[in-house]
Amino acid sequence: MSEKTIAKTKQKSEQSVNALWQKFSTVGILVLLLVILAVSRPQLFFSSSTLTQILAQSSVNILIAMGEFFAILIAGIDLSVGSIVALVGMSCAKMMVAGVNPVLSIAAGVLIGAFLGFINGSLVNVTKLHPFIITLGTQAILRGVTLIISNSSAVFGFPGSFTRAISKNIFGIIPTVSIIAIAVALILAFITQKTKLGRNIYALGGNKESAWYSGINVNLHTLIVFIISGVCSGVAGIVLLGRVGSAEPTAATGFETYAIAASIIGGTSFFGGKGKILGVVLGGFIIGVINFGMNLLSLPSTLQQVVMGALIIGSVALDTFVARKR
Amino acid sequence: MNTLVKMDNVVKQFPGVKALSGISFEIKSGEVHVLLGENGAGKSTLMKILSGVHKPTSGTISINGKVFNGLTPKDSRENAISVIYQELSVINELSIAENLYVGNIPTKKLGPFNLVDREKMNKMAQKLCERVGLKRDVRTLVEDISISEKQQVEIAKALAYESRVIIMDEPTASLTNEEVNHLFEIIKKLKKEGRGIVFISHKLREIMEIGDRVTVLKDGTYVGTKNISDVTQDDLVSMMVGRQIKQSYQSKKENFENEEVIFQVKNLERKDGKVKNVSFSLHKGEILGFSGLVGSGRSEMMNSIFGAEPKKSGEIFVFGKKVKISGPYSAIKNGLAMVTENRRESGFFSNFDIKQNISILPFIKKSFGGGVGGLINFNSEKSWAEKEKEKLNIKCFSTEQNITELSGGNQQKVILGKWLAANSKIIIFDEPTKGIDVGSKSEIYSLMRSLADEGKGVLVVSSELPELLSVCDTIAVFREGEIVKTFSRKEATEEKIIKASTTEKSE
């Protein structure tokens, strides 16, 4: 081999190591976490209910994170996701308690989520402010609305058929909520990978100016992105309601942190234009495992917050560090 | 003239690439030494070795007789070498004076404290500014001054460091003709003071004007050093690319009046007054160029035609049919295309590979629901990309390479490819060869000509007169938002165009 081909092969192998890291770093972290858990608490870890519990707990976060992913993909952010979860959950609960058919209530809940996303997107388009500012505002506003309509107290006593349907496990091990999350993930993965809409959203995230000059309707796509985020949070709100069995006005407080973390851990670029739904699902799962693991190791909940924060910084820093070494 | 810096047989090996193989380069006091070569020829690497960013693999650098095997940035600064990069490194949030003395601020003692001595700093800065002809209050924030003034700040900063050697990397890339002249005055003054200037540029005409000697690099090897007075522009081009390059790309036809009008603009006007009542027609086979100073309304007009920026009134006809353009999407639907001035900012998608950058346009054009609806057809995507790669001679390993891995010229071809893949009929080029090397420039000119010959409309906005003169069949000159003069190829000369674009309109 000539000097040049050797150099090229070397470059190639370096590239493939990088590509491998990019593809599998998230999976790697997940496997590592599971191994740590399995080794430290083998009896508990290998019981069949463990996986079910992790799946059920992760699903709500994964649903929210998938919506957040779209907001981050266009180099924006959605800080209002937690408040949308609470408001949709509260609205559904109120409707069902008032005697509205659960199926109708669920449909209305999803629509409310879409509408709240529509408001976020419209505000971003009209004011031209960064989504951070807009959704920081709507986060507070929507939380306030939830507190007002609920009179600051929890709502419960809705049909058992609803809670039973949501907290059921299919084949005894796969929770319904996970089936819902998987279905939403499949739809969103299809949108991002196979449709022009998805391609345009990546383009918009990669370069807003180029997107505009290429004929992409920037406002419309921004609006669609926030509607997707609203719908995902809406679905998460309904799912959470079914699992918890009551609507708390302060539900899902701080969930935007987990959603953002799941997206970033899953490989979504904070600068926009890069990331995949599968990564976000894995990212959400990782956070679920961490949460579950900390409960398993019976860490006090106060300490759990600290550990979670540190892990978020650590995992993203590790990823950036590897990316920079190239 | 004594030698300030001598680089001897410098080799730089990067992992996998030999960037420089045995380059010798010398800078004498009181000379402008031009460093010439296509993109990737090794100019920047050589200068980075001089500024201490890279350490050479072998070879020596002697500065005032002191021999080094490699420099650190500190060595470089202490030995009076300054680099002015193309992307200026001034700090926008600081004043001119603060920029000049950043890291080296004059202080006064107040008890135990060392405080900034603003009075002294401003006074010293004022003197430096006078030396480079910068007529500004030194307390002005740098973000409030023009690019050419920022450049003057950089030069003044080099003087603040008492630099003997000043390296300028494409200093004229974003300057108007007038600003270039001013820069050349400064350079001449620096020469007289006995400083050595390294001048990196692609613009041959400027090189002939300002240079004393020229060293040409090609693919990391040394081609030769000549006195500027001994060479012609053509000599330089053939040294750079190793072949003779065609100088004219005009049509064989000279008169287009009997040809079909394929694109027409009538009474175009903008609300902000940047374009006032502009009308023009483009004939089949003709390349129509637009000259004028930056801000004279050329690019503003194109952006309004394309719908990227709003217009107040005006009619647009494509192949005789009146079209309504409300935004880029409707412009695209009507067959318009726009290769924008800044590839990175408004041209390509750095998160996409080559094929995705090309397919975005045809996908949007062929979708339903205003560019949103429909599925990605991966087979079409692949075939569009392969076709344009072939047709435009895009140099890449595969169309799945990220576009940022390509040279500027090839990136520009990919952008052109996306418009051709969407079957655009009227193509607007805004500064099509900005930052592109000579070899690729000539390829792009040939492409423009063959597009016009195929019957597509080609409109060109350019600040480089030689470019317009060698490509366009007709040149319209803009001044203060209006077309003040239109020249056919036979009438057009640089002098006439400059005169039309600068003098008062009452003639």
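The values are calculated or read from the model by the stated rules, or taken from the named source; none is laboratory data. Keep in mind that this is a model prediction, so the values were computed, not measured. Positions of Cβ are backbone-derived with ideal geometry, glycine not excepted, and every protein chain shown enters the neighbour counts. The area values use the complete protein model at the heavy-atom level, side chains included, leaving out ligands, DNA and RNA. Shrake-Rupley method; radii C 1.70, N 1.55, O 1.52, S 1.80 Å.
Think of the range B:257-376 as having a plus end and a minus end, set by charges on the Cβ of Lys, Arg, Asp and Glu; of B:Leu268, B:Ser313, B:Gly371, B:Gly371 sits farthest toward the positive end of this dipole. In a reduced charge model with +1 at each Lys and Arg Cβ and -1 at each Asp and Glu Cβ, the protein assembly as shown shows a dipole moment near 1180 debye about its Cα centre. Residues in the range A:121-133 carry Karplus couplings, in order, of x, 5, 4, 4, 5, 6, 7, 6, 7, 5, x, 4, 5 Hz; the curve used is 6.51 cos²θ - 1.76 cosθ + 1.60 with θ = phi - 60°, and Gly or Pro positions show x. If you average the alpha carbon positions of the range B:448-479 and of the range B:181-240, how far apart do those two centres end up, in angstrom? Cα centres, the range B:448-479 to the range B:181-240: 28 Å.
If you place +1 on the Cβ of every Lys and Arg and -1 on the Cβ of every Asp and Glu, how big does the dipole about the Cα centre of chain A come out, in debye to the nearest 20? Don't skip to the end; give the middle numbers.
Working: 21 positive and 8 negative charges, 170 e Å.
Using Cβ point charges on Lys, Arg, Asp and Glu, chain A gives about 820 debye.
Quick check on chain A: helices-only [θ] at 222 nm, where DSSP H runs of length 4 and up contribute -39,500 (n - 2.57) each and the sum goes over total residues. Nearest 500, please. It would help to have the intermediate numbers written out before the result.
Values: 14 runs with 258 residues, N = 326.
Mean residue ellipticity at 222 nm (helix-derived): -27000 deg cm²/dmol.
Residues in the range B:386-395 carry Karplus couplings, in order, of 5, 5, 5, 4, 5, 5, 9, 6, 6, 8 Hz; the curve used is 6.51 cos²θ - 1.76 cosθ + 1.60 with θ = phi - 60°, and Gly or Pro positions show x.
Think of the range B:1-150 as a dipole: +1 on every Lys or Arg Cβ, -1 on every Asp or Glu Cβ, centred on the Cα centre; then among B:Gly65, B:Ser89, B:Gly30, B:Gly65 lies furthest on the positive end. Applied to the range B:349-355, the Karplus parametrisation 6.51 cos²θ - 1.76 cosθ + 1.60 on θ = phi - 60° returns per-residue 3J(HN,Hα) values of 10, 6, 8, 10, 7, 4, 5 Hz, with x for Gly and Pro. Each part gets one Cα centre, and for the range B:89-118 versus the range A:86-131 those centres are 55 Å apart.
With contributions of -39500 (n - 2.57) from each DSSP H run of at least four residues, the per-residue ellipticity at 222 nm computed over chain B stands at -10000 deg cm²/dmol. Highest GNM mean-square fluctuation among A:Val110, A:Val184, A:Val281, for chain A modelled with Cα contacts below 10 Å: A:Val184. With contacts taken as Cα pairs under 8 Å and at least 6 residues apart, chain B reaches a relative contact order of 15 percent.
Remark: the range A:62-253 carries a charge dipole of roughly 260 debye about the Cα centre, counting +1 on each Lys and Arg Cβ and -1 on each Asp and Glu Cβ. Counting only aspartates and glutamates at least 8 places from B:Lys108 when in the same chain, those with an alpha carbon closer than 18 Å to its own are B:Glu98, B:Asp117, B:Glu119.
For chain A, the number of Lys pairs with C-alpha atoms closer than 24 Å, counting only pairs eight or more positions apart or on separate chains, is 27. In the range A:194-208, comparing the full protein assembly with the chain on its own, the residues that lose 10 Å² or more of accessible surface at a 1.4 Å probe are A:Lys194, A:Thr195, A:Lys196, A:Leu197, A:Arg199, A:Asn200, A:Tyr202, A:Ala203, A:Gly206, A:Asn207. Only one residue of A:Phe162, A:Pro131, A:Leu282 has its Cα farthest out toward the positive end of the dipole of chain A, where Lys and Arg carry +1 and Asp and Glu -1 on Cβ, and that residue is A:Leu282.
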